[in-house]
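S.K.: The structure under discussion is supplied below as structure tokens; questions concerning it will follow.
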Amino acid sequence: MARTPTGTIHSVATALAVAKTITGISNAAEAVVSSVGHGYSVGDIVLVTSNWGRLNFRAFRVKSVLADSFVLEGANTTNTEFFAPGGGGGSVRKVANWVDLDRTMNHNSSGGDAKTVNVKFIESDVEIALNDGFTAVQRTFDMDADMIGTPAYNALKTLSETGADTVIRRRTRAGAVSLVPATVSFNEEETLTEGQIVTVKGTFNAQNISTRYAA
């Protein structure tokens, strides 16, 4: 069923726990991560750093756990051309604290579009287009300027000042979730428009692609 943005809650991770070492990741429809004594629970959100480039700096939800391993929900690593068997080592950090962003509006996204490179070989009269990945994702929004001093305002300000890694969580009213690693830029200069509330501006600069979960 189609939906509207109404009721969507955005949150930022204000703290990531101490990194746990990844000794290996399986090739599976949902990857199993080996990490001794990780201490994670089902439903935790983790940020993965991996020597598998396509898994590096991605955020996932923990689907199931054993004492020394856990499953990354939706992390398909079956393609051994992309995910060389025996690899995947690195580290993982759990989101230790979330802050919901209250009184925001005018959320917009850009990027994520396919990139192409046009090539013309000398013997041909016709150019061809080659796929060349995707453009960087950026999300922008406005916040009520009078939120100054609140946990949400302070979280954005701190993340912007420090340039710290964070994870952006978007939860729809129906329960669907999207996660994307990002950094934050927060502009405290007030925007004054006649007939509208005074706002400040925030930007999420995505550091990878989103991971989406259905409701």
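S.K.: What number of residues in the stretch 41-83 are touching a residue at least 40 places away in the same chain (Cβ under 8 Å) and either open to solvent by less than 20 Å² (accessible area, probe 1.4 Å) or of a type in the set (A, V, I, L, M) (or both)?
M.R.: Adding up the residues that qualify gives 12.
S.K.: Another question about this same structure. Looking only at the stretch 72-87, decide whether some residue is of a type outside the set (A, V, I, L, M, F, W, C) and on the phi > 0 side of the Ramachandran plot.
M.R.: Checking the stretch 72-87: at least one residue is of a type outside the set (A, V, I, L, M, F, W, C) and on the phi > 0 side of the Ramachandran plot.
S.K.: Can you confirm whether G111 is in contact (Cβ under 8 Å) with a residue 12 or more places away in the chain, farther than 23 Å from A215 by Cβ and either open to solvent by 70 Å² or more (accessible area, probe 1.4 Å) or in contact with a Leu (Cβ under 7 Å, 6 or more places away or on another chain) (or both)?
M.R.: No, not satisfied.
S.K.: Still on this model: So, F141, is that one under 18 Å from the mean Cα position of the chain (by Cα), open to solvent by 50 Å² or more (accessible area, probe 1.4 Å) and closer than 23 Å to A206 by Cβ or not?
M.R.: no
S.K.: Please note which strands (runs of 3 or more DSSP E) are completely contained in the stretch 127-215 and include at least 2 residues that are closer than 30 Å to N76 by Cα and touching a residue at least 24 places away in the same chain (Cβ under 8 Å).
M.R.: 138-144, 166-171, 177-191, 199-206, 211-213
S.K.: Working only within the stretch 166-215, note down all residues that are hydrophobic (A, V, I, L, M, F, W, C) and open to solvent by 70 Å² or more (accessible area, probe 1.4 Å).
M.R.: Residues satisfying the conditions are A174, L192, I197, I209, A214, A215.
S.K.: In the stretch 104-126, which residues are in contact with an Asp or Glu (Cβ under 9 Å, 6 or more places away or on another chain) and assigned to a strand (DSSP E or B)?
M.R.: T104, M105, N106, H107, A114, K115, T116, V117, N118, V119 - these are the residues of the stretch 104-126 that are in contact with an Asp or Glu (Cβ under 9 Å, 6 or more places away or on another chain) and assigned to a strand (DSSP E or B).
S.K.: Another one. Quick test for you: out of G133, G149, pick the one residue that is small (G, A, S), exposed (fewer than 11 other Cβ atoms within 10 Å of the Cβ) and closer than 27 Å to E190 by Cβ.
M.R.: None of the others qualify; the one that does is G149.
The values are calculated or read from the model by the stated rules, or taken from the named source; none is laboratory data. Predicted model only: the values in this text are computed from it and were never measured. Here Cβ is always computed from backbone atoms with ideal geometry, including for glycine, and neighbour counts include all displayed protein chains. Just the protein is used for accessible areas: all its heavy atoms, side chains included, with ligands, DNA and RNA removed. Shrake-Rupley method; radii C 1.70, N 1.55, O 1.52, S 1.80 Å.
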